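S.K.: Pasting a structure here, questions to come.
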Amino acid sequence: MSDCLFCKIVDGTIPSSKVFEDDNVIGFKDLHPQAAIHVLFVHKKHTQDINDLSKNDPNQFVDLFNGIRLFSEKNGVDKNGFRVVTNVGKHAGQTVFHTHLHVLAGESLGHFGA
Ligand code: AMP
Ligand code: ZN
């Protein structure tokens, strides 16, 4: 999509600190990190959010989680663990409408959930 920030990061028009790339996905550092390691994983093909992705190109989930696994193994964060978060829509505060998975790692993140 021509006016999409993360499509521009994928095609290199807008710079990013890339930490992972394969044929299908890239991972780059979030501009405003919420943890010692905060990387955004996006598929090279545009979808708006995980519902759009799930409906129209569900194999992208495999590509994204494969990339996250490889990144975590390469950086050793698979040992101590990490968190994956994705925001969908207004109540979640989604600000960029190209599906992205936040990967948070590198420190104890506090327990999330009941
Ligand atoms: P969300 O609020 O889930 O839509 O997440 C969007 C994320 O993108 C936020 O955590 C921002 O800090 C991050 N962000 C926005 N612009 C950039 C950029 N140019 N490079 C890296 N991260 C960005
Ligand atoms: Zn896009």
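S.K.: Output the peptides 19-25, 78-84, 67-73, 98-104 sorted from most to least packed, where packing is the average of other Cβ atoms within 10 Å over each peptide's residues.
M.R.: Sorting 19-25, 78-84, 67-73, 98-104 by mean packing, highest first, produces 98-104, 67-73, 19-25, 78-84.
S.K.: Would you calculate, for the chain, the mean residue ellipticity at 222 nm contributed by helices, counting each DSSP H stretch of 4 or more residues as -39,500 (n - 2.57) and dividing by all residues, to the nearest 500?
M.R.: Helices in the chain give a 222 nm mean residue ellipticity of -9000 deg cm²/dmol.
S.K.: Let me ask something else about it. Under 8 Å for C-alpha pairs, at least 6 residues apart: give me the relative contact order for the chain, rounded to a whole percent.
M.R.: Reported relative contact order: 31 percent.
S.K.: Another question about this same structure. Amide H neighbours of residue 19 under 5 Å, at least 5 residues apart or on other chains, H built in the peptide plane: list them.
M.R.: Distant-sequence amide H within range of residue 19: 27, 28, 29.
S.K.: Sticking with this one: On the accessible surface of the range 5-105, probed at 1.4 Å, how many percent belong to carbon and sulfur atoms?
M.R.: 51 percent
S.K.: Taking only protein heavy atoms and a 1.4 Å probe, what accessible area per residue, in Å², does the chain have with all protein chains in place? Let's see the in-between values first.
M.R.: Details: 6980 Å² over 114 residues.
So the chain comes to 61 Å² accessible per residue, rounded to a whole number.
S.K.: The range 45-102 to the range 1-35: how many Å between their Cα centroids?
M.R.: Answer, in whole Å: 12.
S.K.: Holding the Cα-Cα limit at 18 Å, pick out from 29/74; 8/45; 8/44; 44/79; 8/29 the pairs that are longer than that.
M.R.: 44/79
S.K.: Could you go through the range 50-66 in sequence order and give the Karplus-derived ³J(HN,Hα) for each residue, using 6.51 cos²θ - 1.76 cosθ + 1.60 with θ = phi - 60°, rounded to whole Hz, and x for Gly and Pro?
M.R.: These are the phi-based 3J(HN,Hα) values: 5, 6, 4, 4, 4, 6, 9, 7, x, 5, 4, 4, 4, 4, 5, 6, 5 Hz.
S.K.: If you plug each phi of the range 97-114 into the Karplus form 6.51 cos²θ - 1.76 cosθ + 1.60 with θ = phi - 60°, what whole-Hz ³J(HN,Hα) values come out, in order, with x for Gly and Pro?
M.R.: These are the phi-based 3J(HN,Hα) values: 9, 10, 3, 9, 10, 6, 10, 10, 6, x, 6, 5, 9, x, 6, 10, x, 6 Hz.
S.K.: Defining a contact as two alpha carbons under 8 Å apart and six or more residues distant in sequence, what relative contact order in percent does the range 71-112 show?
M.R.: Relative contact order comes out at 43 percent.
S.K.: Rg/Rh for the chain: what does it come to with C-alpha atoms and Rh from Kirkwood?
M.R.: Reported Rg/Rh (Cα atoms, Kirkwood Rh): 0.94.
The values are calculated or read from the model by the stated rules, or taken from the named source; none is laboratory data. Remember, predicted model here, so these are calculated numbers, not experimental data. A quick note on method: Cβ atoms are made from the backbone with ideal geometry, for glycine too, and the neighbour counts reach across all protein chains shown. Just the protein is used for accessible areas: all its heavy atoms, side chains included, with ligands, DNA and RNA removed. Shrake-Rupley method; radii C 1.70, N 1.55, O 1.52, S 1.80 Å.
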